[in-house]
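Chemist: Attaching a single structure in structure tokens format; questions to follow.
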Amino acid sequence: MTFVQQRIREAGTAEIPPVALRTVAEALGDTTTRDPAHEQSVSTVYRPRHALDLREVLSPLARGGDGPGFRRTADGAWLTFRTPDGPATLRLGRTGDEVHATAWGHGAEWAIDGVPQLLGESDDWSELDVSQSSLLTEVRRRHPGVRLSRNRRVFEMLVPSVIEQKVTCTEAWRSWRLLVRRHGEPAPGPAPEGMWAAPDAEAWRRIPSWEWHAVGIGPQRSEAIVRASRVAEAVDRTAAEPPATASARLQSLPGIGAWTAAEVTARSHGDPDAVSVGDYHLPASVGCALVGEPVDDDAMLELLEPWAGQRQRVLRLIALSGIRKPRRGPRITRQDHRWH
């Protein structure tokens, strides 16, 4: 963290746009020089062996669309994240049958090495048989480029998943963006304006209780994140383990249940069987897609049983179908405690 960022945090600024940060830096006479590694780039060209749709593969990482860690532009998709070597910015662009990838920051090499996995190279759909469902068969035909992404970043996927527990997505994504911009750092390289790398485990651990409250995150969720941050290295080591083992280890942490673990391993491991049991909308969507009416968790699991081992793939197809539970009542009230 630079001197200027520390001064702004102490002043209690809600958000720190990069332009404002540079302006304040000049006013305070900050002489911090930008790390040269943030400007140096590493590139590669990935040639997938199968059909690939960048938008569909990366969409689970967007968390509400364009935000501090994900951005779509005319020349491709931009992502920021933490690696074992430090922060990184990754740009992915499609040209014909090739994906051109460029990364910046201390974690650039790590990011580039993981591009094939990030884009689902090891995700094999050949054994998935959806012939018993005309809907799934048609969705699969229309979306041959969907793959499950494996990004290997377990702790970084865990934090926003905990934030999303038992609140609307809109509330969770707002809280996530505020915290990343307050406690993260500007994205390395020529990332689009407003992109930030998420805080590291130590930074999450140091966020005071009143800041969690100010962004709408209660003690149960904030304490779960702080506890996980204390064992973040062990959490990240589960990236090398099978998804089921990683899920069990995650659920051994207080405040982490089956829903949260599934949300994490679906992204960090590309878990083909992850099912977010306990989700507010998922059972109804599955029921409407497969039997024409909403169902509960138990019935959802029964409907998905024929695809045991590949249930996450089926859930992705259902999401791509656009079928949702009919809305017949008022939306859930959004809570905002930032000014209390």
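The values are calculated or read from the model by the stated rules, or taken from the named source; none is laboratory data. Small disclaimer: the values here were computed from a predicted structure and weren't measured. Note that each Cβ is placed from the backbone with ideal geometry, even for glycine, and that neighbours are counted across all protein chains shown. Remember, those area values only see protein heavy atoms, side chains included, never the ligands or the DNA or RNA. Shrake-Rupley method; radii C 1.70, N 1.55, O 1.52, S 1.80 Å.
Chemist: Run through the range 121-167 and list the trypsin sites (Lys or Arg not before Pro) located in a DSSP loop whose Cβ has at most 14 other Cβ atoms within 10 Å.
Modeler: On the way: sites: 140, 141, 142, 147, 150, 152, 153, 166; in loops: 147, 150, 152, 153, 166.
Passing sites in the range 121-167 are 166.
Chemist: Are there any GluC sites (Glu not before Pro) in the range 113-212 that are in a DSSP loop and have at most 10 other Cβ atoms within 10 Å? List them by number.
Modeler: Listed in order of number, the matching sites are 127, 193.
Chemist: By average Cβ neighbour count within 10 Å, what is the ranking of 50-57, 313-320 from highest down? Please report the intermediate quantities before stating the final value.
Modeler: On the way: 50-57: 16.8, 313-320: 22.2.
Going by the mean number of other Cβ atoms within 10 Å, highest first, we get 313-320, 50-57.
Chemist: Sort 296, 279 from largest to smallest accessible area, using a 1.4 Å probe on the heavy atoms of the protein chains.
Modeler: Working: 296 90, 279 40 Å².
Output order, biggest surface exposure first: 296, 279.
Chemist: Taking the convex hull of the alpha carbon atoms in the range 66-152, what volume per residue do you get, in Å³? Before the final figure, lay out the partial values.
Modeler: Working: hull volume 10.8 nm³, N = 87.
Considering the Cα atoms of the range 66-152, their hull volume per residue is 124 Å³.
Chemist: Is the shape of the range 172-251 rounded, prolate or oblate, going by the alpha carbon gyration tensor and its root eigenvalues a ≥ b ≥ c, with a/c under 1.5 for rounded and a/b larger than b/c for prolate? Provide the component values of the computation, followed by the final result.
Modeler: Working: a/c = 2.16, a/b = 1.26, b/c = 1.71.
Here the range 172-251 falls in the oblate category.
Chemist: Which of rounded, prolate, oblate describes the range 187-298, given a ≥ b ≥ c as roots of the alpha-carbon gyration tensor eigenvalues and a/c under 1.5 marking rounded, otherwise prolate only if a/b is larger than b/c?
Modeler: Values: a/c = 1.63, a/b = 1.55, b/c = 1.05.
Since a/c reaches 1.5 and a/b is larger than b/c, the shape of the range 187-298 is classed as prolate.
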